[in-house]
Amino acid sequence: MTPFKTLSTCLKFGAVTLAAATGFASISSAQEILKFGHVYESATPYHQAALRAADAFKAATNGAYEIQVFPASQLGNESALNEALVLGTVDIIYTGPAFMALSYPPISISDYPFTMRGYDHWKAYVNSDLFGELAQNYTDVTGNTVAAMTYYGARHVTANKPILTPADMKGLKIRTPNAPAYQMFPKITGANPTPMAFSEVYLALQQKVVDAQENPLPTIQFKKFYEVQSNINLTGHILNSLGLLISQQTMNKLGDDAPKLQQALKDAAAWCSEEIYTSEGNLVEWFRDQGVTVNDVDRGPFIDAVAPALTGSDMPWEPSVYERLKAIKG
């Protein structure tokens, strides 16, 4: 064999070996990309939890899947994200029970005023048989899977005056989301609920288009509502949640890996819930350090005012559902 033939043979063998190696690398590194869209800023625990879930799912599937997280309404507002989930163009989203209730009304029960007694009751509820049944009914209607629920926080009224009794709410023009669950509390206490896009609230408060708004403490801090409201009143009238939803198409596509995604989202939701709950406790003093008046409120009279409505015939759940919710210990 001539030196030329030997070299030529070696080069050919090397080229074939390299092609095989690169081909194997290409196959082994191929990933299925999932899209996780939400409306919250990248600095929030909700986004950090989404990233944690992405890392955990990638590790659990040995890199077969990558979740790309799109914060701050990059893939659309909450309504658009819900539509995209049904179409399967987005795989995972955060959304609140009020949006979920558009498809299955009873699941909104936790978003109504004073249905949740506190954080421990909320945790017990989202891990209860009752919630499991409501979530399954939601899935039966929509096809979307409720992988987990994340604590969003207790909603409190901010205003330029103390709100210590239901009478203090009378005539108050208060911004609320455009959903019955959020409008019940101000209506019953004599205030005027004023639906408004979230992005417009700061300016509306500053220009006194509305007198007040209501949100959890982390949101009040992040959106800087305390700059244009002198009083934070700890009414704690609603304990908000966010659902972590997976589209039907995605669940079908994942097959045996679907439970791994559900577990990654559940673990991330538990982490995020604790972060939010801890921050609520710390923020009271933080707001006071900023010169904001934070008023402790006797919630009893507010609870008494709302209670009759929660058992009314116009509620979007059977009376037995509310009784089971009240019976959950926590």
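The values are calculated or read from the model by the stated rules, or taken from the named source; none is laboratory data. In this text, all values refer to a predicted model and were calculated from it rather than measured experimentally. In this analysis, Cβ positions are derived from the backbone assuming ideal geometry, glycine residues included, and neighbour counts consider all displayed protein chains. Areas reflect the complete protein model, heavy atoms only, side chains present, ligands, DNA and RNA absent. Shrake-Rupley method; radii C 1.70, N 1.55, O 1.52, S 1.80 Å.
The rows are residues; the columns are (1) touching a residue at least 12 places away in the same chain (Cβ under 8 Å); (2) touching a Pro at 6+ places or on another chain (Cβ under 7 Å); (3) crowded, with 22+ Cβ neighbours inside 10 Å.
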{"position": "Tyr202", "(1), (2), (3)": "yes, no, no"}
{"position": "Gln207", "(1), (2), (3)": "no, no, no"}
{"position": "Asp211", "(1), (2), (3)": "yes, no, no"}
{"position": "Glu214", "(1), (2), (3)": "yes, no, yes"}
{"position": "Lys224", "(1), (2), (3)": "yes, no, no"}
{"position": "Val228", "(1), (2), (3)": "yes, no, no"}
{"position": "Thr235", "(1), (2), (3)": "yes, no, yes"}
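Among the candidates Pro186, Pro195, the residue that is of a type outside the set (Phe, Trp, Tyr) and open to solvent by 10 Å² or more (accessible area, probe 1.4 Å) is uniquely Pro195.
Those residues that are of a type in the set (A, V, I, L, M), over 24 Å from Thr189 (Cα atoms) and either in a loop (DSSP other than H, G, I, E, B) or open to solvent by 20 Å² or more (accessible area, probe 1.4 Å) (or both), I need them from the range 115-148; list them, please. Of everything in the range 115-148, those that are of a type in the set (A, V, I, L, M), over 24 Å from Thr189 (Cα atoms) and either in a loop (DSSP other than H, G, I, E, B) or open to solvent by 20 Å² or more (accessible area, probe 1.4 Å) (or both) turn out to be Ala124, Val126, Val141, Val146. For Phe114, are the conditions met, namely being within 22 Å of Trp271 (Cα to Cα), among the aromatic types (Phe, Trp, Tyr) and at pLDDT 95 or above? Considered against the rule, which asks whether it is within 22 Å of Trp271 (Cα to Cα), among the aromatic types (Phe, Trp, Tyr) and at pLDDT 95 or above, Phe114 comes out as no. Among the residues making up the range 79-101, a single one is in contact with a helix residue (DSSP H, G or I) (Cβ under 6 Å, 6 or more places away or on another chain) and open to solvent by 40 Å² or more (accessible area, probe 1.4 Å): Phe99.
May I ask you to verify whether Tyr151 is open to solvent by 10 Å² or more (accessible area, probe 1.4 Å) and of a type in the set (Phe, Trp, Tyr)? When the stated conditions are applied, Tyr151 does not pass them. Within the range 277-308, track down each residue that is under 27 Å from Asp129 (Cβ atoms) and open to solvent by less than 30 Å² (accessible area, probe 1.4 Å). Passing the criteria: only Val306.
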